[in-house]
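S.K.: Here's a structure for you.
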Amino acid sequence: MKKIISYCLPVLLTAAVSCTKKLEEININRVSPTSLDPILLLNNAIINASFPTRTVIYEMAIMQQVVTPNGGVLAGGNFNQDSRDATTASTWGAYYQNVIKYTHDAIAKTKDVPARVNLYNMARIWQAYAFMVLTDTYGAIPYTEGGAGLTDQIFFPKYDQQQDIYPKLIQELTDASAALNISGTVESADLLYAGNISKLKKFGYSLLLRAGMRLSKVDAAKAQSTVQAAVAGGVITDNADNAYLRHDANYLNPIGNMLNSTEAANFYLVKTFVDTLKNNNDPRLSAIAIRYKGATSGPAQTPAIGSTTPADQIGMPMGYDNGSIGARATTDGLASFYDYSQVDRRRMAKTTAPMFFVTAAQTQLLLAEARFRGWISIGTAAQYFADGIKAHMDQLATYDPGSAVPAAARDAYIALHPLIAGRELEQINTQYWIASFLNGPETFANFRRSGYPALSPNPYGQPNNPDVPNGTFIRRITYPTSELSVNTDNLNAAIAAMGPDKLSTKVWWDK
């Protein structure tokens, strides 16, 4: 028996080692990636930069372009109400979790890789864009430490004040745009421009122009020098260079998806916006709007009764809720509030509609203002103004062929609406408001900067609204509850320096 055991033991040990080795081999996942091409990180950041549905509830309502009379999860700019606990995704969550996180990692992975220098600078520009949206929306934000959870294990980032962020954004855009090298590696997988360096440079410098113009109220000298640097670098002046995300059946437009599903019958074009277009015979109204004439319910809003004729369009007035809008609709001669005009969800707001971030129309209009202010010397304000209107009208066909503005109608409108002495800033920035339709964050930011269009404050809940003083506008969006509960100390320090975390608190460049 002892001999049998002595002979068997080595055999058993050998078998055990062999089995363990095979188990180790089995446990190795041979199809799981151990590294990721950083262009995929940047693309993830681009895909997730489409504006969340919360921008319809807040920014587009504040800007009196789209509004709902309903409350609950849809309460926000329509009621001058702080609804930070709403379940709809905020710009804060969407951008920090799904944009900044990826751009930060893409930058970290390419910073010291000479062969990917173009990708490195592309990621820097996109990150600067995302940070600009965030700081314009909220004010103080985690900038220096934002997105560093994976690379630096910073899970509770400190906040930077906006007056400290903007100089860094301007420097980042200046350096990254200049560093893009036409002789370097072409990042053809790039979703924005397929790695086209000329277009990427124009995008970077157009953001620089936008950043410079943001400072027009707080630092005119810095604004002017920044604008001049952007123009010298070369900005987007043609729709072929527009920065936008193309959606498809796999990556739906978030706003279009909402307006074609649960909230299809809940959002309407605002009277102010419709009347501005209608009273000026603006051909864009028929490209944007539809009215389901006689509709008494959501299901009754069928294509058979839909009209895109400008004369038929009637916008919903601000200041009403679900209990009072019915009577106002009756006063307006409508069958119900379902009878008001909407953004056409089968054209401009369809689920596969593109999402525009920076456009030739916006840039041309900023150039018009810069030229009017004497900050640049090339071109004329009148020509930039006309070119901006033309660019936006031509851009509408990108949403859907049915939204195309005929060239004859476009040219007739431009001829009848020249830049008028003494009204330049009002005209330029009112056109910017129209040209930025569906880009809630940018429309909201430029309104606060310029003071135009000349809107009347939303009367809802006044004169005793606790969130917004009577006769004023919402000036920023408040921080989400998640940040208040998780990053409390750093957020409180930021609020102490910035001002109260209220809808009425102005961001730095708005003061």
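S.K.: Could you run through the stretch 429-440 and say how many residues are in a helix (DSSP H, G or I) and open to solvent by 10 Å² or more (accessible area, probe 1.4 Å)? Write out each step before concluding.
M.R.: Taking the stretch 429-440 and keeping what is in a helix (DSSP H, G or I), we get 429-435, 440.
Still in the running and open to solvent by 10 Å² or more (accessible area, probe 1.4 Å): 430-431.
So the count comes out to 2.
S.K.: In the list TYR102, TYR159, TYR143, TYR120, which residue meets the criterion of being aromatic (Phe, Trp, Tyr) and within 22 Å of ALA230 (Cα to Cα)?
M.R.: Unique residue meeting the criteria: TYR120.
S.K.: Which of the following residues is at pLDDT 95 or above, out of contact with any helix residue (DSSP H, G or I) (no Cβ under 6 Å at 6 or more places or on another chain) and either more than 27 Å from ALA454 (Cβ to Cβ) or open to solvent by less than 50 Å² (accessible area, probe 1.4 Å) (or both): ALA421, ALA327, ALA368, ALA360?
M.R.: After applying the criteria, what remains is ALA327.
S.K.: Additional query: Report whether or not THR472 is farther than 30 Å from ASN239 by Cβ, at pLDDT below 95 and not basic (Lys, Arg).
M.R.: So THR472 fails the test.
S.K.: Does the stretch 205-222 hold any residues that are without any contact (Cβ under 8 Å) to a residue 60 or more places away in the chain and charged (D, E, K, R), and which are they?
M.R.: ASP219, LYS222
S.K.: On the given criteria, is ALA295 surrounded by fewer than 24 Cβ atoms within 10 Å (Cβ to Cβ), touching a residue at least 40 places away in the same chain (Cβ under 8 Å) and in a loop (DSSP other than H, G, I, E, B)? Before you say what the answer is, go through the steps one by one.
M.R.: Values: surrounded by fewer than 24 Cβ atoms within 10 Å (Cβ to Cβ): yes; touching a residue at least 40 places away in the same chain (Cβ under 8 Å): yes; in a loop (DSSP other than H, G, I, E, B): yes.
It is true that ALA295 is surrounded by fewer than 24 Cβ atoms within 10 Å (Cβ to Cβ), touching a residue at least 40 places away in the same chain (Cβ under 8 Å) and in a loop (DSSP other than H, G, I, E, B).
S.K.: Taking the stretch 214-242 as the region of interest, how many residues are in a helix (DSSP H, G or I), open to solvent by 40 Å² or more (accessible area, probe 1.4 Å) and of a type in the set (Lys, Arg)?
M.R.: Adding up the residues that qualify gives 1.
S.K.: Which of the residues that make up the stretch 39-68 are touching a strand residue (DSSP E or B) at 6+ places or on another chain (Cβ under 8 Å), more than 24 Å from ILE290 (Cβ to Cβ) and either of a type in the set (Val, Ile, Thr) or open to solvent by 10 Å² or more (accessible area, probe 1.4 Å) (or both)?
M.R.: ILE46, ILE47
S.K.: Which ones in the stretch 443-495 are within 21 Å of ALA211 (Cβ to Cβ) and part of a loop (DSSP other than H, G, I, E, B)?
M.R.: Within the stretch 443-495, GLY451, TYR452, ARG475, ARG476, ILE477 meet the criteria.
S.K.: Based on what the data block shows, is LEU191 under 23 Å from the mean Cα position of the chain (by Cα) and open to solvent by less than 30 Å² (accessible area, probe 1.4 Å)?
M.R.: no
S.K.: Enumerate the pairs (first residue in the stretch 397-413 and under 22 Å from LYS350 (Cβ atoms); second residue anywhere and open to solvent by less than 40 Å² (accessible area, probe 1.4 Å) and among the hydroxyl-bearing types (Ser, Thr, Tyr)) with beta-carbon separation below 7 Å, excluding pairs fewer than 6 apart on the same chain, so at least 6 apart or on different chains.
M.R.: ALA397/SER403
S.K.: Can you list the helices (runs of 4 or more DSSP H) found entirely within the stretch 94-180 that contain at least 1 residues being at pLDDT 95 or above and crowded, with 17+ Cβ neighbours inside 10 Å?
M.R.: 101-110, 117-138, 162-179
S.K.: Scan the stretch 450-491 for residues that are open to solvent by 10 Å² or more (accessible area, probe 1.4 Å), within 23 Å of TRP509 (Cβ to Cβ), touching a Leu at 6+ places or on another chain (Cβ under 9 Å) and not β-branched (Val, Ile, Thr) and report the count.
M.R.: Within the stretch 450-491, residues that are open to solvent by 10 Å² or more (accessible area, probe 1.4 Å), within 23 Å of TRP509 (Cβ to Cβ), touching a Leu at 6+ places or on another chain (Cβ under 9 Å) and not β-branched (Val, Ile, Thr) number 7.
S.K.: Kindly indicate which of SER32, SER83 is modelled with pLDDT under 95, surrounded by 18 or more Cβ atoms within 10 Å (Cβ to Cβ) and either in contact with a Leu (Cβ under 7 Å, 6 or more places away or on another chain) or not in a helix (DSSP H, G or I) (or both). Before you say what the answer is, go through the steps one by one.
M.R.: Numbers: SER32 fails: surrounded by 18 or more Cβ atoms within 10 Å (Cβ to Cβ).
Sole residue among the options that is modelled with pLDDT under 95, surrounded by 18 or more Cβ atoms within 10 Å (Cβ to Cβ) and either in contact with a Leu (Cβ under 7 Å, 6 or more places away or on another chain) or not in a helix (DSSP H, G or I) (or both): SER83.
S.K.: Counting only residues that are open to solvent by less than 10 Å² (accessible area, probe 1.4 Å) and not in a helix (DSSP H, G or I), which one in the stretch 69-80 is farthest from MET132 (Cα to Cα)?
M.R.: Top of the filtered list is PRO69.
S.K.: Further question: Going by what's in this entry, would ALA249 be described as over 27 Å from TRP509 (Cβ atoms), touching a residue at least 24 places away in the same chain (Cβ under 8 Å) and either out of contact with any Ser or Thr (no Cβ under 8 Å at 6 or more places or on another chain) or not in a helix (DSSP H, G or I) (or both)?
M.R.: yes
The values are calculated or read from the model by the stated rules, or taken from the named source; none is laboratory data. The shown structure was predicted, so the numbers you read here are calculated from the model rather than taken from an experiment. When we count neighbours, we look across all protein chains shown, and the Cβ atoms used for this are built from the backbone with ideal geometry, even at glycine. Note: accessible area is taken over every heavy atom of the protein model, side chains too, but ligands, DNA and RNA are not part of it. Shrake-Rupley method; radii C 1.70, N 1.55, O 1.52, S 1.80 Å.
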